[in-house]
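Visitor: Supplied in structure tokens, the structure appears directly below.
The values are calculated or read from the model by the stated rules, or taken from the named source; none is laboratory data. In this text, all values refer to a predicted model and were calculated from it rather than measured experimentally. Cβ sites come from the backbone with ideal geometry, for glycine too, and all protein chains shown count toward neighbours. Note: areas computed on protein heavy atoms with side chains; ligands, DNA, RNA excluded. Shrake-Rupley method; radii C 1.70, N 1.55, O 1.52, S 1.80 Å.
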Amino acid sequence: MRTADVITNATRNAFRSKLRTTLTVLSLFVGAFTLTLTTALGAGVNDYVTKQVATISTGDVLIVTPAASTDTTEGPDAYDPDGRQQSAQANPLGAGTLLNDDDLDAMRDMDGVDRVEPVRQIAVDWVAPSGGADDERYELDVNPTSSIGRSDLVAGDQLDQEADEAQIVLPEDYLDALGFADAESAIGEKVELGYTDAAQADQAIEAEVVGVARTSLLAAGAGVNQSLTDTIAEAQAIPGQPDAYVVAVATLAGTGDDGAVTASDVDDVKAQLADADLAGQTVEDQLGVIQTVINGIIGVLSAFSVIALLAASFGIVNTLLMSVQERTREIGLMKAMGMSNGKVFSLFSLEAVVIGFLGSAIGALAAIGLGSAISTALSAGPLADLPGLTILLFDPVNVVVVILVIMLVAFLSGVLPARRAARQDPIDSLRYE
Amino acid sequence: MTTSPAPGAPPVLSAQALTKTYGSGQSRFEALRGVSLDVRRGESLAIVGKSGSGKSTLMHLLALLDRPTAGAVEIDGEDAASAPVKRINRLRNERFGFVFQQFFLTAQQSVLENVTLPLLVAGVAPRERTHRGMAVLESLGLADKAKNKANDLSGGQKQRVVIARALINEPDVIFADEPTGNLDTATGGQVEDLLFGLQRERGITLVVVTHDDDLAARCDRRVTIADGLIVEGAGR
Ligand SMILES: Nc1ncnc2c1ncn2[C@@H]1O[C@H](COP(=O)(O)OP(=O)(O)OP(=O)(O)O)[C@@H](O)[C@H]1O
Ligand SMILES: [Mg+2]
């Protein structure tokens, strides 16, 4: 039997019992549909996070926190008056222990570290156009980690962390409120920031708008440069309280071309930090954690569709066993006429593959159709604040892989019935009533 | 293909001391108990006997559809047991034609598809399959039924379709198990005429299993089987 004939016959045989085949295809459809959607969700979210990392990360900073305690001695630790302070509140960025000035100095002395700045929480009460009236003041959140990375800019430049002047990167949605016609016209203008100092006195400071940033999942609020942060942080520091920081940011000096920071530079500094009982993470490391969590969730969702597929595969086994049973005489006849066991096997396993292809292709197409509609609706509605996020990203490679995997599952389900058919004794089949 | 057997040429089929045992223990049953038989090229041989005597079993063994418990079958003097499966499959596909005790037509497929099944198995291209299928249906007066579902034919038409299927690969030997068993006398007669005509015109060897005395009488030779043994006309 020719291969082309095997394929056409397997396809025709799959449609001999239309209702039965349709039901089996339907059960595969469910699995293919959900699997396509979950992989698209994973691809969409991961793609977004990766893009964000690419726009935000400068690649040359390490976020440094005290190393998590690895103390294995029993009982409480002896008090060390020069040791690190414990934080009074839990905080999500670092461990319970805080960094002190000795730690910062130690980091500054490390090879390959250019600058070290502690991340200080500052509270800004309002922002207003330069010289604006009281009713032109708007609340403003400052992103404490704006010194770590770049902003996803609409216009202007990144913050200059080494500049002496106060600089700010405004979120895009403040433009209207602050009276700027568009992003370009805001660049170089001054805005006024108001804050409350340690003595509860109202203070104001002018800052130059150097950039306008897109809202992003990872960097909410305005970005301010080190000079501005220092000014406000010092004014807000409670007098007499020792300096202690949750996180510090180490900017690395690269050894690569044009001073680029290479992976080995990062590893070097990480090793030195580890020796000093500190832990350094790049932005990518931190986002890697996020991605691991996302992948975990996607994995659980996919597991459900795999369960659906498993159920469907039993459906295929059942369908084909019935098909083999019904065609016992036909199989016997073909074998009597010299058809080899191998060809009988391929005839039936291919029938399974055809069913698998139908179910997976229709399921994937339906998922793409419905998913694209949902994705568009979400981007226009609830997710409009996250430009660049396509929640369901249908990567052709992923879709093809899903279809191929389901066809493989179908083939494997077809092995048992096909083997039964191939091993049938022609005489027994011909005597079969 | 109207070659008369060359003197001294080995018989097309030769069975030596065939035994076939079904089951084991209590249900053990000896369907054949030592059958030796030669089938000469171009002859028509009738295998007769009572129901359950082992006629179909013998035919299946001769047609290499089954393997004997003991004994040997030779094709053109060559032992079949030692031949690889692939060769046996090809042999059945290219040199044998089958008419089984039941029609074994695939009901939902067209007459043409049923008839060309051996060519499909052989791997013949679709165009040639259709061409040869139509030719053979033409010669059996069934050309106008080619597109019909096999299920929609009368009994006699079905039997002719089955014979067309047995003929399509231009076999050397046709095995026919009760070819007229399901038919009335008139149609049965037509089918017989058809088979014997082919045997005469094309030199096809005919092995017919029957319990119909008239049919057996039209054959060149007959062997009678009773309880798994040849009781008359082994011819060797
Ligand atoms: N697979 C099998 N298992 C057990 N017994 C079998 C099997 N096949 C055939 N037999 C037995 O072998 C004997 C011979 O069967 P066979 O089909 O050769 O008879 P037959 O001569 O063709 O009869 P009929 O004229 O009714 O077709 C019968 O008694 C049958 O019951
Ligand atoms: Mg019989």
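Visitor: Charges at C-beta only: +1 for Lys and Arg, -1 for Asp and Glu. How large is the resulting dipole of the range B:84-236 about its Cα centre, in Debye rounded to 20? The partial results should precede the final answer.
Guide: Details: 20 positive and 20 negative charges, 170 e Å.
Magnitude of the dipole: close to 820 debye.
Visitor: First check a/c for the range B:84-200, with a ≥ b ≥ c the square roots of the eigenvalues of its C-alpha gyration tensor; if it is under 1.5, answer rounded, and if not, answer prolate when a/b is larger than b/c or oblate otherwise. Walk me through the intermediate numbers first.
Guide: Details: a/c = 1.66, a/b = 1.21, b/c = 1.37.
Since a/c reaches 1.5 but b/c is at least a/b, the shape of the range B:84-200 is classed as oblate.
Visitor: Would you look at the GNM of chain A, springs on alpha carbons closer than 10 Å, and say which of A:Glu326, A:Glu206, A:Glu234 moves the most?
Guide: A:Glu326
Visitor: Find how much the distance from A:Asp285 to A:Thr22 grows on full extension, using 0.36 nm per residue of separation minus their present alpha carbon separation; answer in nm with one decimal. Let's see the in-between values first.
Guide: Values: separation 263, 0.36 × 263 = 94.68 nm, distance 4.78 nm.
Going from the current span to full extension adds 89.9 nm.
Visitor: Would you mind computing Rg(Cα) / (2.2 N^0.38 Å) for chain B, counting N as its residues?
Guide: Working: Rg = 17.7 Å, N = 236, 2.2 N^0.38 = 17.5 Å.
Relative to the rule-of-thumb radius for its length, chain B sits at 1.01.
Visitor: State in Å² the accessible area per residue of the range B:13-232; use a 1.4 Å probe, count heavy atoms of protein chains only, and round to the nearest integer.
Guide: Working: 9300 Å² over 220 residues.
Spelled out: the 1.4 Å probe surface of the range B:13-232, per residue, equals 42 Å².
Visitor: Just grab the label-to-label distance for A:Ile7 and A:Asp202, each label 7 Å out from Cα along the Cβ direction, in nm (one decimal).
Guide: 7.9
Visitor: Provide the FRET efficiency to the nearest 0.05 for the A:Ile362-A:Ala271 pair, computing r from the beta carbons and using R0 = 56 Å. Don't skip to the answer; put the middle values down first.
Guide: Values: r = 54 Å, r/R0 = 0.96.
E(calc), rounded to 0.05, equals 0.55.
Visitor: Now, a different point. How many nm separate the modelled label positions at A:Gln241 and A:Ala384, each set 7 Å beyond the Cα in the direction of the Cβ?
Guide: Between A:Gln241 and A:Ala384, the label points sit 4.1 nm apart.
Visitor: In cubic angstrom, how much convex hull volume per residue do the alpha carbon atoms of the range A:178-251 span?
Guide: Values: hull volume 10.0 nm³, N = 74.
In the range A:178-251, the Cα convex hull volume per residue is 135 Å³.
Visitor: Could I ask something else about it? With every protein chain present, what is the per residue accessible area of chain A (1.4 Å probe, Å²)?
Guide: Values: 21280 Å² over 433 residues.
Spelled out: the 1.4 Å probe surface of chain A, per residue, equals 49 Å².
Visitor: Here's something else I'd like to know. Using a 1.4 Å probe and counting only protein heavy atoms, how much accessible surface gets buried when A and B come together, both sides summed, in Å² to the nearest 100? Present the calculation step by step, with values, prior to reporting the outcome.
Guide: Values: alone 22400 and 11530 Å², together 31770 Å².
Counting both chains, the buried surface is close to 2200 Å².
Visitor: Post the alpha-carbon centroid distance, the range B:116-175 to the range A:297-331, in whole angstrom.
Guide: 37
Visitor: Report the Rg/Rh value for chain A, based on alpha-carbon coordinates and the Kirkwood definition of Rh. Don't skip to the answer; put the middle values down first.
Guide: Details: Rg = 32.1 Å, Rh = 26.8 Å.
Looking at chain A, the ratio lands at 1.20.
Visitor: What FRET efficiency, computed as 1/(1 + (r/R0)^6) with R0 = 56 Å and r the Cβ-Cβ distance, is obtained for A:Ser130 and A:Ala78, rounded to the nearest 0.05?
Guide: Details: r = 55 Å, r/R0 = 0.98.
Working from the Cβ atoms, E equals 0.55.
Visitor: Using only the Cα atoms of the range A:106-207, what semi-axes does the equivalent ellipsoid have when each is the square root of 5 times a gyration tensor eigenvalue? Give whole Å, largest first. Walk me through the numbers before you get to the answer.
Guide: Working: eigenvalues 146, 72, 23 Å².
The three semi-axes for the range A:106-207 are 27, 19, 11 Å.
Visitor: Using the charge dipole of the range A:341-433 (Lys, Arg: +1 at Cβ; Asp, Glu: -1 at Cβ; taken about the Cα centre), state which of A:Ile403, A:Ser360, A:Ala418 has its Cα farthest towards the positive end.
Guide: A:Ala418
Visitor: Related question: Rounded to the nearest 0.05, what FRET efficiency is calculated for A:Asp425 and A:Thr50 with R0 set to 56 Å and r the Cβ-Cβ distance? Please list the in-between numbers first.
Guide: Values: r = 59 Å, r/R0 = 1.05.
Calculated transfer efficiency: 0.45.
Visitor: Right, here's the next one. With the Cα gyration tensor of the range A:297-424 in hand, convert its eigenvalues to equivalent ellipsoid semi-axes via √(5λ) and list them largest first in whole Å. Please report the intermediate quantities before stating the final value.
Guide: Values: eigenvalues 344, 32, 23 Å².
Equivalent-ellipsoid dimensions as semi-axes: 41, 13, 11 Å.
Visitor: Placing unit charges on C-beta atoms (Lys and Arg positive, Asp and Glu negative, everything else neutral), compute the dipole magnitude of the range B:1-156 about its Cα centre in debye, rounded to 20. Walk me through the numbers before you get to the answer.
Guide: Working: 19 positive and 14 negative charges, 58 e Å.
Rounded to the nearest 20 debye, it is 280 debye.
Visitor: Next up: May I ask which residue of A:Thr36, A:Thr390, A:Val124 lies farthest towards the positive end of the charge dipole of chain A, with charges of +1 (Lys, Arg) and -1 (Asp, Glu) on Cβ and the Cα centre as origin?
Guide: Value: A:Thr36.
Visitor: Name the residue farthest towards the positive end of the dipole of chain B from the options B:Thr69, B:Pro179, B:Gln190, assuming +1 on Cβ of Lys and Arg, -1 on Cβ of Asp and Glu, about the Cα centre.
Guide: So the residue furthest toward the plus end is B:Thr69.
Visitor: Still on this structure, I have one more. With N set to the residue count of the range B:59-131, report its C-alpha Rg divided by 2.2 N^0.38 Å to two decimal places.
Guide: Values: Rg = 14.7 Å, N = 73, 2.2 N^0.38 = 11.2 Å.
In units of the globular-protein estimate, the range B:59-131 measures up at 1.31.
Visitor: Another one. Leaving out same-chain residues fewer than 8 places away, which aspartates and glutamates sit with a Cα under 13 Å from that of B:Lys149?
Guide: By straight Cα distance, B:Lys149 reaches B:Glu113.
Visitor: Continuing with the same structure: At 7 Å along Cα-to-Cβ for each site, give me the label-to-label distance between A:Ala163 and B:Asp193 in nm.
Guide: Going by the 7 Å Cα→Cβ label model, 11.0 nm.
Visitor: Only Lys, Arg, Asp and Glu count, each charged at its Cβ (+1, +1, -1, -1), so figure out the dipole size of the protein assembly as shown about its Cα centre, rounded to 20 debye.
Guide: That gives a dipole near 9560 debye.
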